[in-house]
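Remarks on the structure that follows.
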Amino acid sequence: MGTRSFVGIYDDDGGWVARYCHWDGYPRGVGKSLWDNYQKNFKGVLGAMTKILLDEKVGWSSLAASDLTLPPVWADGYKFDDHDTRAWKSTEEITQQIYAMQCELMLTDEELRILLYEFAPKSYTARGETDEQLITQVSDLGWLEWGYVFNVPDRRMDIYTVHGGYAVPAATIWLDQETEPEWEKIENEEA
């Protein structure tokens, strides 16, 4: 079962716009991955990172343990589109080999997902959502569990939990702080 979340930025009017992420939306998953990407892969260039997160015009299947500087593997569910030239070829080749193994080894869909996650951890997967499925602060959020919204000028990430269909602030992460946030503590304080 996915831990559904959203990732977005604040707009000039004080609201926010975000995209959906299906898997691993808890702070130890998506939150940590966003932190790691900002610190290591984007070296503090938040605008470039949020551009990738929002301008791809899709929702995300998985962002946890990903490197957002690499092109995404484009997927609809777990059926990769061989005709999509945007896919990162080496990851696509690995993915096709894993799919071939599914029948041979009689893997369940969950076992297949774990293999894909373990053997292609440097890329992230996109889902088939469209611009019409952008999430805003006035959207019905009842089906989501966590949210991550960036304030680009202030260089911070606000983490939200969703209760009763509303985004409730859970933590503020200052992205230029030297120590990594205590992700489990953020999760446990929410519970």
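The values are calculated or read from the model by the stated rules, or taken from the named source; none is laboratory data. These numbers were taken from a predicted model, which means no experiment stands behind them. Heads up, the Cβs are rebuilt from the backbone with ideal geometry, glycines too, and the neighbour counts pull from every protein chain shown.
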Has region 162-171 got any residue that is closer than 18 Å to SER33 by Cα, among the aromatic types (Phe, Trp, Tyr) and assigned by TED's automatic domain parsing to the domain that holds VAL30?
no
Find all pairs meeting these conditions: Cβ atoms under 9 angstrom apart; at least six residues apart or on different chains; first residue within region 31-42 and in the same structural domain as ASN151 (by TED's automatic domain parsing); second residue among the small types (Gly, Ala, Ser) and part of a helix (DSSP H, G or I).
PHE42/ALA48
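Among the residues of region 123-140, are any among the charged types (D, E, K, R), in contact with a strand residue (DSSP E or B) (Cβ under 8 Å, 6 or more places away or on another chain), closer than 26 Å to LYS40 by Cα and modelled with pLDDT under 95?
The answer is yes; a qualifying residue exists.
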State all residues of region 162-175 that are in a loop (DSSP other than H, G, I, E, B) and either surrounded by 12 or more Cβ atoms within 10 Å (Cβ to Cβ) or free of Cβ contacts under 8 Å to residues at least 12 places away in the same chain (or both); if no residue qualifies, say none.
LEU175
Return only the number of the condition from (1) in a strand (DSSP E or B); (2) buried (at least 19 other Cβ atoms within 10 Å of the Cβ) that VAL17 does not satisfy.
(2)
